[in-house]
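Student: Please see the structure below; I have some questions.
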Amino acid sequence: MKSLISRGSRFIRRTLGNHVLPEPYDYVQSYTEQNLHKYVGKPKEGIQLIVIVGGYLGHEISRLIHQYKKTEVIVFEPSTRYFERLRNRFHDTSNISIHQFAVGSETGDKIFYETSLKGAGSLLRLNEFASKSYGATQEESFMVRSITLDEHARLFKWDSREVDILWIDVQGAESQVIAGATTTLKRTRSVFIEVSRWMPTYQEGALMEDIEKALYAQSFRVELLGLDVRNGTGNALFVSPESFRSRWNCVEK
């Protein structure tokens, strides 16, 4: 699903004199896509598995597989608005699998809420902050099948594989994804995730402090953070101790 913070171009820029600078949240995403291997302490060809929760139309998928040609990508997209378009886009790409599940803290049927903004559907309803900040309104809702990452990994046989990056774009439901990924996170090198520093954009949505607390409990630490100066929403990259140790060993050599 597409981020609320970048509902226009993914690379909105502002001009300062002769310098063109990306917005902080766009910079963090772009830098993560290009330098993931450095953050997890591997060569480019060592990136083997990327898991994306909230695929929308797969713009970042195209960039990631161009950058990391030997990787496999597992993508989740529950929305009936976008699933078929996403699947058709990558139907002939053998290293990408698309799954029509919402990812959360438990397995079962859930209501999924779409909005007036493209790619901004969620298991949570919009709140006043999102409406005022982005002009978003609530639109249709429908039932989707929800699953935890731990359960999906077990059923689809990737529960023994290391995840180089878990990419979470779920519009406020980040804590639910993390709660259902306790085992998966133990073998995950990094987490790229949307954050909201001051106010949630969805009812009962996670704040950055909630995400930090949950990921810190799994020993992840923030290494990149870019926020929209207007409302404190943005993107963050967390990395695992294993990633840091791999990088440090390379430095020592």
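Student: What number of residues within segment 197-233 are over 21 Å from Ala179 (Cα atoms) and either of a type outside the set (Lys, Arg) or crowded, with 16+ Cβ neighbours inside 10 Å (or both)?
Tutor: Number satisfying all stated conditions: 11.
Student: Is it the case that some residue within segment 161-174 is hydrophobic (A, V, I, L, M, F, W, C) and over 26 Å from Met199 (Cβ atoms)?
Tutor: yes
Student: Scan segment 59-87 and report the pairs whose first residue is at negative phi and in contact (Cβ under 8 Å) with a residue 12 or more places away in the chain and whose second residue is in a helix (DSSP H, G or I) and among the acidic types (Asp, Glu), with Cβ atoms within less than 9 Å and a gap of 6+ or a chain change.
Tutor: What qualifies is Glu60/Glu33; Arg63/Glu33; Leu64/Glu33; Gln67/Glu33; Tyr68/Glu45; Lys69/Glu45; Lys70/Glu45.
Student: Conditions: (1) over 14 Å from the mean Cα position of the chain (by Cα); (2) surrounded by fewer than 22 Cβ atoms within 10 Å (Cβ to Cβ). Ser175 meets all but one. Number of the miss?
Tutor: If we test Ser175 against (1) over 14 Å from the mean Cα position of the chain (by Cα); (2) surrounded by fewer than 22 Cβ atoms within 10 Å (Cβ to Cβ), just (1) comes out false.
Student: Looking only at segment 182-217, which residues are part of a loop (DSSP other than H, G, I, E, B) and without any contact (Cβ under 8 Å) to a residue 40 or more places away in the chain?
Tutor: Lys186, Arg187, Arg197, Trp198, Ala206, Leu207, Ala217
Student: Could you check, for segment 219-226, whether at least one of its residues is of a type outside the set (D, E, K, R), touching a Leu at 6+ places or on another chain (Cβ under 7 Å), touching a residue at least 40 places away in the same chain (Cβ under 8 Å) and on the phi > 0 side of the Ramachandran plot?
Tutor: Within segment 219-226, not a single residue is of a type outside the set (D, E, K, R), touching a Leu at 6+ places or on another chain (Cβ under 7 Å), touching a residue at least 40 places away in the same chain (Cβ under 8 Å) and on the phi > 0 side of the Ramachandran plot.
Student: Shifting gears a bit: Kindly evaluate Thr183 against the criterion of being under 29 Å from His37 (Cβ atoms), modelled with pLDDT of 95 or more and surrounded by fewer than 21 Cβ atoms within 10 Å (Cβ to Cβ).
Tutor: So Thr183 fits the description; yes.
Student: I'd like the full set of residues that are closer than 22 Å to Glu162 by Cα, modelled with pLDDT of 95 or more and surrounded by fewer than 21 Cβ atoms within 10 Å (Cβ to Cβ), limited to segment 72-100.
Tutor: Passing the criteria: Glu72, Asn95, Ser97, His99.
Student: Consider segment 118-128. How many of its residues are surrounded by 20 or more Cβ atoms within 10 Å (Cβ to Cβ) and not small (Gly, Ala, Ser)?
Tutor: 3
The values are calculated or read from the model by the stated rules, or taken from the named source; none is laboratory data. Nothing here was measured: the structure is a model prediction, and the numbers come from that model. Positions of Cβ are generated from backbone atoms using ideal geometry, with glycine treated the same way; all protein chains shown enter the neighbour counts.
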